[in-house]
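To start, the structure under review is shown below, and the notes come after it.
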Amino acid sequence: MKLVLEGLLVGVLSGLLVGFFRYSLGFVDQLRTYIFRNWLETGPAWYLAIWIALILVIAAILVALVKYEPMSAGSGIPQVKGNILGIYKTIWWRIIITKLAGGILGIGAGLSLGREGPSIQLGAMFAQGFSRFFGRTRMEERYLITSGAGAGLASAFNAPLAGVIFTMEELHKNFSAVVLMPSLAAALMSAVVSHLIFGRNTIFAFPDLPRVPIDILPSLVVLGICLGVFGAFFNYCLANANKFYQVPFFKSNFMRVSFPLLLAVVFGFYLPQVLGGGNDLVDSLVTNDFSLKVLFLFLVAKFIFTMLSYGANVPGGFFLPMLVLGAVAGNILADIFIQLGILAVSLRMHVIIFAMAGFFTASVRAPITGILLIMEMTGSFWHLVPLSIVALFAYITAELCHSQPIYDTLLNNALAKDKEDARKVVKKSTRNILEIAVGSGTVVEGKFIKDIAWPQGVLVVDVKRGDKDIIPLGDTRLLAGDYLYILTSAVQEENVIKLMERLR
């Protein structure tokens, strides 16, 4: 009950913080568009010179912000996962300040980055500050961080259910009531705050769409397979995006950040649809019937610019650009299906919606979150079955391509890079209590506690089975569905989680 009440308060305050971030991004996006249309495109050349100088100043500020607080770079979701796992030691107020400033400047200048990852990190860090202020235990702090992250996503997308499921399916990987209830409370309150500030309209402006006929299902299977392959390719390119900046030309961080920012100036004149997160591009797919050549141009330009923007290692995520890429890819496939005569023209927008869920699932490997997220973002609540079919086959295809979930990959890459950084890695003396469920088919299911090869320095302190609490003994047999409360050092947390998740 205490966590639920605290989740309500975290939801309200995180909603206000993320609401400010979202409002600021909307303002600078409109300001950038106004400057290009009314000044740069029609004004004298020295207007452009002033704008380029301002862009270079922004690049210098972004470099300074990331140097001051490296944990503010990138999406923020891998950092939140590492924080929940006990891997990272974060200074919450520094991350909030640098993430807000860096996200507004970078995305406002036109980088193809999204607000959703930063919103999740902002909510999580505010929840951590809340926990520290009130002196909560490390275990309670983990639950509050999870709740704050869900509140951040709920506020960013007006999607409270997706915010709740994302925290459990992707971040905490735990569906216990002690995770669910505070996360639900925080996400609902954050969504209420978002509705009060921005209204109740969905993020994407799709009209009410009728239910799809049964004969479209084979096309949805092909759609899911294509998106699974594309999602695996997207993950590979994103995980290696920073390697582009390892060429000798980029001799400093300033040059690395300046490159995509200056490229945004060029796109601002000739292809403004690829700038920023991309909400307007998805809405334009609804109102315009672009040719395949134009759609391919959008897809390639948005894809490359997203890789260059994210590889620059500045504050900003790829959550929304990823959905935009899925929508454009879905439009391309829909037009191909229409030309082949296997899809009715009236179902083009349906396929665009289904493709966003499929591409998200292929990349993040969180199908339930993807389905609920797209339903809430588009208001398409009558298409659960086709959304699920596309997500299922996209998931399977990405697995067959041996592609790893993108946020796990990014976290592992960051840990490999920063493992020697004593400031960012939690000290070995830190102790935490983990709550982990015994999964069906795992190596620990059906075993006695004494027969499990636990990592060194691990103690099972409680076993919760239904509504019963069992004092753990050596001859206590673990059953699927049990929740274990494990005392361990921070350095062994990841090993304990891997043990509990390992399949037979």
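The values are calculated or read from the model by the stated rules, or taken from the named source; none is laboratory data. Computed from a predicted model, the values in this text were never measured in an experiment. Note that each Cβ is placed from the backbone with ideal geometry, even for glycine, and that neighbours are counted across all protein chains shown. Just the protein is used for accessible areas: all its heavy atoms, side chains included, with ligands, DNA and RNA removed. Shrake-Rupley method; radii C 1.70, N 1.55, O 1.52, S 1.80 Å.
A compact table of results
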| read-out | value |
| --- | --- |
| Protein-only accessible surface order, largest first, of Tyr88, Tyr483 at 1.4 Å | Tyr483, Tyr88 |
| Gyration tensor verdict on the range 1-82 (Cα atoms; rounded if a/c is under 1.5, prolate if a/b is larger than b/c, oblate otherwise) | oblate |
| Translational diffusion coefficient (Stokes-Einstein; Kirkwood radius from C-alpha pairs) of the chain at 37 °C, 0.692 mPa s, in µm²/s | 140 µm²/s |
| Local net charge near Val364, Cβ-Cβ under 14 Å (Lys/Arg +1, Asp/Glu -1) | -2 |
| Modelled FRET efficiency - R0 35 Å, Leu271 with Ala453, Cβ distances, 0.05 increments | 0.05 |
| Nearest-0.05 FRET efficiency for Val221 and Ser440, computed from C-beta distance (R0 25 Å) | 0.35 |
| Nearby aspartates and glutamates by direct alpha-carbon distance to Lys81 (threshold 14 angstrom, same-chain neighbours under 8 apart not counted) | Glu141, Glu169, Glu170, Asp408, Glu493, Glu494 |
| Note, ³J(HN,Hα) from phi for the range 189-201, Karplus 6.51, -1.76, 1.60, rounded to Hz, x at Gly and Pro | 5, 5, 5, 4, 4, 4, 5, 5, 7, 10, x, 9, 5 |
| Interchain or long-range residues, amide H under 5 Å from Ile470's placed H | Val463, Lys464, Arg465 |
| The chain: angle of helix 92-108 to the longest principal axis, Cα-based, in degrees nearest 10 | 20 degrees |
| Rounded, prolate or oblate (a/c below 1.5 giving rounded, otherwise prolate when a/b exceeds b/c) for the range 126-251 by Cα gyration tensor | oblate |
| Rounded to whole Hz, the Karplus (6.51, -1.76, 1.60) HN-Hα couplings of the range 285-296, x for glycine and proline | 5, 6, 9, 10, 10, 6, 6, 4, 4, 5, 5, 5 |
| Rounded, prolate or oblate (a/c below 1.5 giving rounded, otherwise prolate when a/b exceeds b/c) for the range 155-201 by Cα gyration tensor | prolate |
| Accessible-area ranking of Phe27, Phe254, largest first, probe 1.4 Å | Phe27, Phe254 |
| Cα centre as origin, Lys/Arg/Asp/Glu Cβ charges: the chain dipole, Debye | 1220 debye |
| Gain upon complete extension [Glu399, Asp475; 0.36 nm per residue less C-alpha separation] | 23.6 nm |
| Placed amide H near Gly114: partners under 5 Å, 5+ positions off or other chain | Gly317, Phe318, Phe319, Leu320 |
| Sequence-distant residues sharing a close amide H with Gly74 (under 5 Å, placed H) | Val314, Gly316 |
| Asn412-Ser176 pseudo-label distance in nm [points 7 Å out on the Cα-to-Cβ vector] | 2.6 nm |
| Probe 1.4 Å - accessible area at Phe298, Å² to nearest ten | 10 Å² |
| Residue-count net charge about Lys81 - beta-carbon cut-off 9 Å; Lys, Arg +1, Asp, Glu -1 | -2 |
| Selection from Trp382, Leu40, Ile165, by position along the positive dipole direction of the chain (Cβ) | Leu40 |
| Most to least packed among 245-252, 449-456, 280-287 [average Cβ atoms within 10 Å] | 280-287, 449-456, 245-252 |
| The chain: calculated mean residue ellipticity at 222 nm from DSSP helix runs of at least 4, using -39500 (n - 2.57) | -20500 deg cm²/dmol |
| Length added when fully stretched, Ser284-Lys251, from 0.36 nm per residue minus Cα-Cα | 8.0 nm |
| Burial order of peptide ranges 204-211, 215-222, 154-161, 62-69 (average beta-carbon count within 10 Å, highest first) | 154-161, 62-69, 215-222, 204-211 |
| Listed residues Gly330, Ser284, Gln273: farthest to the positive end of the dipole of the range 207-348 (Cβ charges) | Gln273 |
| Table column - 3J(HN,Hα) (Hz), the range 69-86, Karplus curve with 6.51, -1.76, 1.60, x for Gly and Pro | 9, x, 6, 8, 6, x, 5, x, 5, x, 5, 5, 4, x, 5, 5, 6, x |
| Formal net charge of residues neighbouring Asp335 (Cβ-Cβ distance under 13 Å; K, R +1; D, E -1) | +1 |
| Among 117-127, 77-87, 41-51, 96-106, the order from most to least packed when residues are scored by Cβ within 10 Å on average | 117-127, 77-87, 96-106, 41-51 |
| Total lysine pairs whose alpha carbons fall under 27 Å of each other in the range 345-499 (8 or more apart, or interchain) | 18 |
| Only Lys, Arg (+1) and Asp, Glu (-1) charged, at Cβ; the range 1-159 dipole about Cα centre in debye | 360 debye |
| Listed residues Met356, Met139, Met255 arranged by accessible area, highest first, probe 1.4 Å | Met255, Met139, Met356 |
